[in-house]
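The values are calculated or read from the model by the stated rules, or taken from the named source; none is laboratory data. These numbers were taken from a predicted model, which means no experiment stands behind them. Glycine also receives a Cβ, built like all others from the backbone with ideal geometry; neighbour counts cover every protein chain displayed. Accessible surface areas use protein heavy atoms only, side chains included; no ligands, DNA or RNA. Shrake-Rupley method; radii C 1.70, N 1.55, O 1.52, S 1.80 Å.
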Amino acid sequence: MDWILDFYNYRVAVQYVPEFTRGMLATIWISLVSLVLSLTIGTVAAIMRMSANPVLWRISAGYVQAIRSTPLLIQIYVIYFSLPALPLLGRRLDELEGGIIALGLNAGAYMSEIIRAGIESISRGQIEGAQSVGMTYLQRMRYVVLPQAFANVLPPLLGQTAVLIKDSSLVSFIGVFELFGAGLTVLSERLMPNEAFLTVAVGYLAIYGVMLFFSNYAQRRLGGVRG
Amino acid sequence: MPSETPIVVVNDICKTFRIRGRPPVQALRHVTNHVDKGEVLVVIGPSGSGKSTFLRALNGLEPIDSGSIVIDGVDLTDPKTDLNRLRRGVGMVFQHFNLFEHKTALENITMPQTVVLKRKGSEAYEIGHRLLDRVGIGDKADNYPSELSGGQQQRVAIARSLAMTPKVMLFDEVTSALDPETVGGVLELMKELATEGTTMVVVTHEMGFAREAADRVTFMDDGAIIEEGTPEAVFDNPQHERTKLFLSQII
Amino acid sequence: MLSAGWVGFGADTMVDVIWITMPFLLAGLWMTFKISLVTILCGSILGFAVGMLRTVGGWLVSATLGIYIHALRGTPFLVHLYVIYFMLPALKIPWLQFEAFPAAVIALSLYTSTYVAEIVRAAIQAVPRGQSEAARSVGMTAAQCMWHVVLPQALKLMIPPMGGVYVIIIKGTSIVSVIGISELVRAGEHATQRHPRELMLIYGMTALMYFAYCYPVLRIARWAETKFGSVRLPS
Ligand SMILES: Nc1ncnc2c1ncn2[C@@H]1O[C@H](COP(=O)(O)OP(=O)(O)O)[C@@H](O)[C@H]1O
Ligand SMILES: [Mg+2]
C-alpha cells in the first residue's frame with residue numbers, strides 16, 4: 001500500500017481539511033455573489049441590447065465584445081489594480097471586492113447573450129396571439145414571454161454558472177483565499193502537489209456534480225411543461 | 001343575418017412598409033370598407049395583395065399611415081384609444097395558430113380570460129370547457145399545443161378568441177397551414193359560427209367556403225379593393241379583368 | 001505629465017513607457033500566438049478522436065469518454081495546469097522534466113479537446129437522419145455512410161464554433177503565465193514591475209493586444225455561421 005501513500009498521502013490531505021473546507025465555502029460564497037451581480041448586469045445589458053436606442057445598443061454590444069475578446073485574468077488585473085486609480089471610492093478596492101466585480105462583469109457579458117437569446121426565442125406569433133386577446137405589454141411579458149424564456153434559458157444559465165465557479169479560481173492570483181488558494185497553501189507548506197491539487201479537483205467536481213444534478217432536474221421539469 | 005348597424009367602419013386607409021435598403025411597399029391604398037353586425041365579409045385576392053395587412057390593421061396590430069378605422073363606435077386611430085381594451089372586442093385567428101406553447105389547450109383559453117377580463121378562475125374554466133366542446137375537441141383540454149394536430153390547434157385558437165366574446169372575429173387564412181384532411185372540419189366550424197350570427201371578416205383561398213358562407217365578397221389586388229359584391233355577383237359575373245384573371249387561376 | 005520631473009527611474013512619459021515596453025509585449029504576444037496555434041492543432045485532433053469514438057463507440061467507450069469530459073469540464077483549467085506541471089516529472093521522461101511549455105500545451109490541449117469533442121458529436125447528430133438512411137438504403141456500409149455523407153456535412157457545421165474554441169484557447173493561454181511561460185500576461189507583469197506607476201496603461205495595452213487577436217477570430221466565426229450554419233457551442 002505504500003505506493004498509494006507515495007502518490008497521494010491522504011493523511012496529509014486530512015490534516016488540511018479545515019483549509020479545504022474554508023476554501024470551498026469561500027469559493028461557493030464568491031461564486032454566489034458574483035452570480036447575483038452577473039445576472040443583474042446581464043439582464044440590464046440584454047434589455048439595453050434589444051432597445052431601439054442606438055446609444056444604449058452600442059454600449060451593451062461594446063461591453064460584450066470587449067469582455068469576450070480579452071482573458072478574465074487581464075480583466076481581474078485591470079479592475080483590481082486600475083479601478084482604485086480612479087477617484088471613485090476614495091480607497092483601494094480590497095482583493096475580494098475587486099475579484100467579485102471582475103467575475104461579475106465577465107460573467108455578465110455571457111449571461112446577457114443567453115438572456116437575450118431566451119427572450120428572442122419566443123416567436124413573434126405568440127406575442128401577436130397575446131396582443132390579439134388584448135393583453136397589455138406587462139401582461140404579455142408576465143404570462144407569455146418570461147415563463148417560456150425562463151425555461152429556455154435555465155439550462156445555459158446553469159452551464160454558465162458552472163463556468164463562473166471554475167473561473168473564480170483565478171481570483172487567487174490577486175491573493176483571495178478560496179478553494180484553489182487552499183491547494184496553493186498545501187503546496188507551499190508541504191511541497192505535495194498531488195495532495196494539494198487532486199483534493200482541490202475533487203472539491204470542484206463535487207460542486208460541479210451538484211450543478212449537473214440541478215441542471216438535469218430543471219431540464220426534466222421544464223421540458224415536461226412544454227410537452 | 002346582417003342588419004344595417006356597422007360594427008367596423010374603415011375609411012380611406014393607407015399603409016406603406018418602408019424597410020431600409022429596399023423599395024417601399026404600398027400594402028394598402030385608400031381602402032374603404034365596412035362590416036355590419038352579423039355580416040360575414042370574405043376578402044379574396046392574390047398573395048401579397050394586402051389582405052393580411054388589412055386584417056391586422058383592424059386589430060391594431062399594424063398601425064396605419066392615414067385614414068380611420070372605427071370599431072363599434074371607438075376610433076382605433078385615435079391616439080387616446082386604449083388598443084388593448086379595443087382588442088378584447090376583436091377576435092383574431094392566425095394562419096399559424098399562435099397558441100401559447102407553455103399552456104395546455106384549456107389554459108390557452110382560460111388564461112386570457114382571467115388576465116384580461118378578470119373573470120373568476122371557475123367561470124373561465126367552465127367557459128373554456130364549453131368552448132372546447134363547441135369546437136369539437138373537448139377531449140384535448142389537457143394537451144399542450146405540440147401534442148395537437150394543426151386542425152386541433154386551430155380549433156383551440158378559435159375557442160380562445162370566442163372566449164373573449166368579441167364583437168367581430170377576424171380569420172387570416174386559417175386553413176392554409178393545415179393538412180388537407182383537417183381543412184374541411186375547420187371550415188365547417190366557421191360556417192356554423194357564421195350561421196349563428198357571428199360578425200366575421202375572413203381572408204381565405206377557399207372559394208367554396210366564400211360562396212356558401214359569405215354575405216359579401218371583396219376582391220383585393222395590389223393594396224386596393226378592385227371589386228366587391230354578393231358571392232354570386234363576384235364569382236359568376238365579375239366585372240374587372242383582374243378579378244376574372246384571379247378567379248380563372250384559382251378555380 | 002506630472003511624472004516628468006519626478007526623481008528616480010520613473011521619469012518616463014507615457015509615450016516612453018509605450019515605446020520601451022512594446023517590444024517585450026510583442027514578444028509575449030508571439031509566445032501566446034505560438035502556444036495557441038500548437039494547442040488548436042493538438043486539441044482538435046484529440047477532440048475529434050474523442051468525439052468520433054463517443055459517437056460511434058459502444059456504451060462502455062462512450063461512458064468512459066463521458067467521464068473524461070466531465071472530469072475536465074468540472075474542474076478549473078488552473079487545476080489541470082498545476083496537476084500536469086507537477087506530475088510530468090513523475091513520468092520520468094527526460095525531456096518533460098519540469099518543462100513549462102509541454103505542460104502548458106498538454107493541459108490546454110486536454111481542456112480544448114472536451115469542447116471539440118462536444119462540437120463533433122453535436123454536428124454529427126445535427127445531420128438529418130434521412131441522410132444516413134438514404135445512404136444505407138443504397139447499400140453503403142456504416143463507415144462509408146459516415147465518411148461520404150455524414151462527415152462532409154457535419155464538418156461544415158463544426159467550422160463556426162471552432163472559432164469560439166480558438167478564442168477560448170487564446171484566453172486560456174493567459175493562465176499559463178503562472179508556470180513561468182513568458183507569454184503576453186507575463187510580459188505585461190514584468191513591464192508593470194519596471195513601471196509600477198503605469199500599471200493601468202500596461203494592462204490596457206495587454207488587453208488591447210488580446211482584443212486584436214481574438215476579435216477578428218470571433219468576427220470570422222460569425223461570418224462563417226451565416227454561411228455554413230452552426231451547432232451551438234456548449235458552455
Ligand atoms: N412587416 C412587413 N414589412 C414589410 N413589408 C411587408 C410587411 N408585411 C407585409 N408586407 C408587404 O406588404 C404587401 C402585402 O402583404 P400582405 O398583407 O401580407 O399580403 P397578403 O396577406 O394579401 O398575402 C406585400 O408586398 C408584403 O411583402
Ligand atoms: Mg396573408
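Observations, loosely collected:
- Check on residue B:138, away from chain A (no Cβ under 14 Å), of a type in the set (Gly, Ala, Ser) and buried (at least 16 other Cβ atoms within 10 Å of the Cβ): no
- Some residue of segment B:115-125 being at pLDDT 90 or above, buried (at least 22 other Cβ atoms within 10 Å of the Cβ), more than 16 Å from ligand 2 (Cβ to nearest atom) and more than 18 Å from residue B:61 (Cα to Cα): yes
- For residue C:47, the conditions (1) open to solvent by less than 50 Å² (accessible area, probe 1.4 Å); (2) closer than 30 Å to residue C:146 by Cα; (3) at pLDDT below 90 are fulfilled apart from (3).
- Subset of segment B:53-70 that is among the aliphatic types (A, V, I, L, M) and open to solvent by 10 Å² or more (accessible area, probe 1.4 Å) - its residue that is farthest from ligand 1 (Cβ to nearest atom): B:70
- When segment C:138-174 is filtered for residues that are within 14 Å of chain A (Cβ to nearest Cβ) and among the aliphatic types (A, V, I, L, M), the ones remaining, listed by number, are C:165, C:167, C:168, C:169, C:170.
- Subset of segment A:73-85 [open to solvent by less than 20 Å² (accessible area, probe 1.4 Å) and at the interface with another protein chain (Cβ under 7 Å from one of its Cβ atoms)]: A:73, A:74, A:77, A:82
- Every condition in (1) within 25 Å of residue C:85 (Cα to Cα); (2) away from chain A (no Cβ under 11 Å); (3) not hydrophobic (A, V, I, L, M, F, W, C) is met by residue C:177 except one, and the failing one is (2).
- Members of segment A:14-25 that are among the hydrophobic types (A, V, I, L, M, F, W, C) and either buried (at least 20 other Cβ atoms within 10 Å of the Cβ) or without any contact (Cβ under 8 Å) to a residue 40 or more places away in the chain (or both): A:14, A:17, A:20, A:25
- Near pairs, Cβ below 8 angstrom, 6+ apart or cross-chain, from segment A:122-144 (at the interface with chain B (Cβ under 7 Å from one of its Cβ atoms)) to any residue that is in a helix (DSSP H, G or I) and open to solvent by 50 Å² or more (accessible area, probe 1.4 Å): A:133/B:88; A:134/B:85; A:134/B:88; A:135/A:143
- Residue list for segment C:145-183, restricted to those being without any contact (Cβ under 8 Å) to a residue 60 or more places away in the chain and more than 15 Å from residue C:214 (Cα to Cα): C:145, C:147, C:148, C:149, C:150, C:151, C:152, C:153, C:154, C:155, C:177
- In summary, helices (runs of 4 or more DSSP H) completely within segment B:1-119 and bearing 3 or more residues that are free of Cβ contacts under 8 Å to residues at least 40 places away in the same chain occur at B:83-88, B:105-116.
Residues are listed down the side, and each one gets a yes or a no for (1) within 30 Å of residue A:193 (Cα to Cα); (2) in contact with a Phe, Trp or Tyr (Cβ under 7 Å, 6 or more places away or on another chain):
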site	(1), (2)
C:154	no, no
C:169	yes, no
C:175	yes, yes
C:206	no, no
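- Hits in segment B:141-173 - residues which are part of a helix (DSSP H, G or I) and either over 27 Å from residue B:39 (Cβ atoms) or open to solvent by 10 Å² or more (accessible area, probe 1.4 Å) (or both): B:145, B:146, B:147, B:150, B:152, B:153, B:155, B:162
- Scanning segment A:176-227 for residues that are within 23 Å of residue A:164 (Cβ to Cβ) and not in a helix (DSSP H, G or I) yields a total of 3.
Residues are listed down the side, and each one gets a yes or a no for (1) facing chain A (nearest Cβ under 7 Å); (2) not in a loop (DSSP other than H, G, I, E, B):
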| position | (1), (2) |
| --- | --- |
| C:197 | no, yes |
| C:202 | no, yes |
| C:206 | yes, yes |
| C:210 | yes, yes |
| C:214 | yes, yes |
| C:219 | no, yes |
| C:224 | no, yes |
| C:227 | no, yes |
| C:230 | no, no |
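- Scan of segment B:27-52 for residues that are within 16 Å of ligand 2 (Cβ to nearest atom) and open to solvent by 20 Å² or more (accessible area, probe 1.4 Å), ordered by number: B:46, B:47, B:48, B:52
- Selection count where residues are over 11 Å from the mean Cα position of the chain (by Cα) and more than 8 Å from chain C (Cβ to nearest Cβ), scope segment A:156-171: 1
- In segment B:159-177, the residues that are within 16 Å of ligand 2 (Cβ to nearest atom) and facing chain A (nearest Cβ under 9 Å): B:170
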